[in-house]
1. Considering only region 39-56, state which residues are loosely packed, with under 15 Cβ neighbours inside 10 Å and without any contact (Cβ under 8 Å) to a residue 60 or more places away in the chain.
2. Can you name the residue in region 57-94 that is outside any strand (DSSP E or B) and modelled with pLDDT of 95 or more and is also surrounded by the fewest Cβ atoms within 10 Å (Cβ to Cβ) among such residues?
Amino acid sequence: MQRTIALSMAPLSVTLLFLIVIHGTIPASAGEATPNVTGKWEGTYDGRGRFGSGPITFHLRQEGNKVIGKQSVVDLIPVWGTEAAASDIVVGEEIRDGEIDGSTLHFYVTTEGVRGQLNFTLTVSGDTMTGTVCGYNCGKLKLKKAAM
């Protein structure tokens, strides 16, 4: 009888091994939901000495995997160079191309005074978000969902 059980488990083991080899992971379990980031998020950013640090707030609205909203840091004063050479960097308030993929939120905001944009990549875990904001340099972010 044990031999019969072992043989009947073999096809299942081969199938699971095949899925792991093809996809590189064990299949996700059903019921894992994309987090809902709609609401107000408050926290801090740390520019690691390159563009300062301080409070930051997101006001987000999620529809499916798309995310729109605004962020609160609208000007940065770079701390490199002499004071006379340093100029404000105007940062856009509107979140652009916001998308949540699994637990990862990506979006960018425009900048003036420098070329490019600031790219945000955050990992959502319950009522917290942690991640980076990158332009010419990268900084760290940590936010918590505000109580309603």
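The values are calculated or read from the model by the stated rules, or taken from the named source; none is laboratory data. Note that this is a predicted model, so its numbers are computed, not measured. Don't worry about glycine lacking a Cβ; one is built from the backbone with ideal geometry, like all the others, and counts go over all protein chains shown.
1. Matches in region 39-56: 49, 54, 55.
2. Of all residues in region 57-94, those outside any strand (DSSP E or B) come to 64-65, 72-74, 77-88, 92-93.
When the remaining residues are screened for being modelled with pLDDT of 95 or more, the result is 64-65.
Details: 64: 8, 65: 12.
Checking each candidate, the answer is 64.
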